[in-house]
Amino acid sequence: MKLMAKRAVAFSGKGNRRSEVRSNSGDVVSVKLAPITKSDRKIIQDIVRWEDESATSDLTISGVWKSRVAPQ
Amino acid sequence: MWRRSNAKTKTKSCELPYSFYHDLIPNFWHSPVDERERGTFGWICTLARKMGAKSFIVENVIDRADVQQEIGFIYEHRDAEDHTGEVGAVAITFTSRSAKSKKSLSELGKHILAQAIIVSYPRHGRPHSYVFEGNVRVPGRGKPEATLLNNYLPMARDLTVRVVGTDYSLKGIFFCQQNGTTTACAHSAVKVVVHGASDEKLSASRLNDLLDGDAVGGGTTTLKLVAAFERLGMRPTLYDFTKRRGGQLDNPWTLLCSAVEAGSPALLIFRTGAEQIDHVLPILGYTVNSDEWHPHASDLYRLKEEGFVSSSEWIDHLIINDDLTGPLYCLSQSWLKQARSTKIPADTKAKPRGRKSAGPLIPTAAITLLPDQVDISATLAENLAYAAFQKLLPGVDGILDLNDRWWRYLLDKEPRPVFRTTIIEKERYFEHLSKMHDASHSSTEDETLGALREALPSVFWLCEISLPNLYAGNRAKLGEIFIRPSPRKWKNELETVKGFRFPGVIGWQKDGNFFVEPCGLVSHFRLIGQSAQQEW
């Protein structure tokens, strides 16, 4: 487990450049992940906005079935 | 008062040249003899014929408690002109057993193909029939029964069918039809979905209470449908296709396929082009065409902008019940894609532009049902997973020296990945993981799995990662990304990733960081979930 802890991949950093932390022996023990791309963020935000707006949509469903044979 | 008609119990052969058209339907279906008006029962007969029906059993079921309740409620709501006339209810059970068979009825269960309970009563001054309830076995044919190729029916259930006083069990689909007096399409759709989720068969009276009023005369609305599901303890999510997503109308196909592949019951709401009738269909399953061209070609020909392929792109039909035409139809995506070319007016009461006659279906909304406490939708989870995938891959490469061929292929070739997204319980995933572990004969450390188990919530989105040919040919995957089910708010999208597995590595989130550890699962493995019994 200690070894795993040294292999932390931090994602809380800012900026696009990946920063590395090395151990005394020179091994990379952690890297900072860049944020997701702008285009991916826009797609995700569009989905969230659309789902939020949809949640209050009150569309009518007539559900009326018109028989093609006229009542006698 | 209505007079009772009393059909006698009998078994009849229906092997050819017996004609359902001429010998069966006119005897028990009392609506005008019109192909469209008797569509539901006619289609059940057709399914029975396709499955090799040899005989059917007719019995009078007017005294069954649920039928009595249904008829009583209709009688309360009948038109003034309909105070006299005849009422009846028959169950017609189709079997693959010869009418001359001398074997005991106890063996009937494995031969039952379908059952339709037809209720007939006076409506608008003439007899009217409808399928009150129907049960149809998962379609298949032959001995042993071979199910249909590439058909997936997550909504199929173990059904109980009563024939001449004995209950039989079969795996199939439940169906019901609106009668136009106490029920409309919304009632039928809710009844089918609730039965799929809980085995409960809601009465017409209860359905009307849930839909809050006169849904037959006055129609209903999407929010009333949502409220009905919430009262039943379900978690509905409403999608409005008349609203634009990111400046354009959304493609309902992707959303519906993602929902049904994720195992979520879903309803499609659409408007017919010509007569402005809104209709609701429950979606039961889907068919896959693994030879589909566009998932492979879309990248080459720049046909789409997304950087990944959703597994739903191999879905060529949705399997639906249409309560006006019958159970287990395949709805082609061409019918909904055509609809996108017809402009949907912002005012849903306004007439749609475009052709007035024989128009396509205009999808207006969908409702999907998720397990409780799931706030992030399948579509959202899939896009979050793809966004994270692009960052995690180089991140892991920067910290671990992995050289297995599938890992290097993902990293070096940067292929367009396939994502398949389903909701899953943690314990079920770990059962699946243990099978992968055994199959690969590798040694995945218990501590790593323990840490992953601790990091994952009890229910989460499982976004399986594959490649087009691996998906189509092997139904196999190279890894997974686990997305939390809720909440929908985040500061950093990567927060929603609770863990991941790529070839040769497992990662999990703890205290705002991801921890990674090599593992022995370096190759591909079968996708999780229901498989069609017959696959290509």
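Considering only region B:29-51, state which residues are of a type outside the set (A, V, I, L, M, F, W, C), modelled with pLDDT under 95 and in contact with a Lys or Arg (Cβ under 8 Å, 6 or more places away or on another chain).
Selection gives B:Ser31, B:Pro32, B:Asp34, B:Arg36, B:Glu37.
Taking the options B:Ala146, B:Ala114, name whichever one is touching a residue at least 24 places away in the same chain (Cβ under 8 Å), more than 30 Å from B:Asp291 (Cβ to Cβ), hydrophobic (A, V, I, L, M, F, W, C) and touching a strand residue (DSSP E or B) at 6+ places or on another chain (Cβ under 8 Å). Don't jump to the end; show me each part of the working.
Details: B:Ala146 fails: more than 30 Å from B:Asp291 (Cβ to Cβ).
None of the other options fit; the residue is B:Ala114.
Within region B:184-202, track down each residue that is away from chain A (no Cβ under 12 Å) and either out of contact with any helix residue (DSSP H, G or I) (no Cβ under 9 Å at 6 or more places or on another chain) or surrounded by fewer than 18 Cβ atoms within 10 Å (Cβ to Cβ) (or both).
First pass over region B:184-202, keeping only residues away from chain A (no Cβ under 12 Å): B:191-202.
Of everything in region B:184-202, those that are away from chain A (no Cβ under 12 Å) and either out of contact with any helix residue (DSSP H, G or I) (no Cβ under 9 Å at 6 or more places or on another chain) or surrounded by fewer than 18 Cβ atoms within 10 Å (Cβ to Cβ) (or both) turn out to be B:Val192, B:His195, B:Gly196, B:Ala197, B:Ser198, B:Asp199, B:Glu200, B:Lys201.
I need the full set of residues from region A:38-72 which are more than 7 Å from every other protein chain (Cβ to nearest Cβ), in a loop (DSSP other than H, G, I, E, B) and modelled with pLDDT of 90 or more, in order please.
Selection gives A:Thr56 alone.
Has region B:150-165 got at least one residue that is closer than 17 Å to B:Phe73 by Cβ, out of contact with any Gly (no Cβ under 6 Å at 6 or more places or on another chain) and either of a type in the set (D, E, K, R) or within 14 Å of chain A (Cβ to nearest Cβ) (or both)?
Checking region B:150-165: not a single residue is closer than 17 Å to B:Phe73 by Cβ, out of contact with any Gly (no Cβ under 6 Å at 6 or more places or on another chain) and either of a type in the set (D, E, K, R) or within 14 Å of chain A (Cβ to nearest Cβ) (or both).
Give the residue, chosen from B:Asn135, B:Asn179, that is touching a residue at least 40 places away in the same chain (Cβ under 8 Å), within 14 Å of chain A (Cβ to nearest Cβ) and buried (at least 22 other Cβ atoms within 10 Å of the Cβ). Even if it seems obvious, please write down each step before you answer.
Values: B:Asn135 fails: within 14 Å of chain A (Cβ to nearest Cβ).
On inspection, the qualifying residue turns out to be B:Asn179.
Among the residues of region B:205-216, is there at least one that is crowded, with 17+ Cβ neighbours inside 10 Å, in contact with a helix residue (DSSP H, G or I) (Cβ under 6 Å, 6 or more places away or on another chain) and under 21 Å from B:Ile92 (Cα atoms)?
The answer is no; no qualifying residue exists.
Given B:Glu517, B:Glu495, B:Glu454, which one is modelled with pLDDT under 90 and within 14 Å of chain A (Cβ to nearest Cβ)? Steps first, please.
Working: B:Glu495 fails: modelled with pLDDT under 90; B:Glu454 fails: modelled with pLDDT under 90.
When all the criteria are applied, what remains is B:Glu517.
The values are calculated or read from the model by the stated rules, or taken from the named source; none is laboratory data. Quick caveat, the model's predicted, so the values are computed rather than measured. Every residue, glycine as well, gets a Cβ built from its backbone with ideal geometry; the counts of neighbours run over all protein chains shown.
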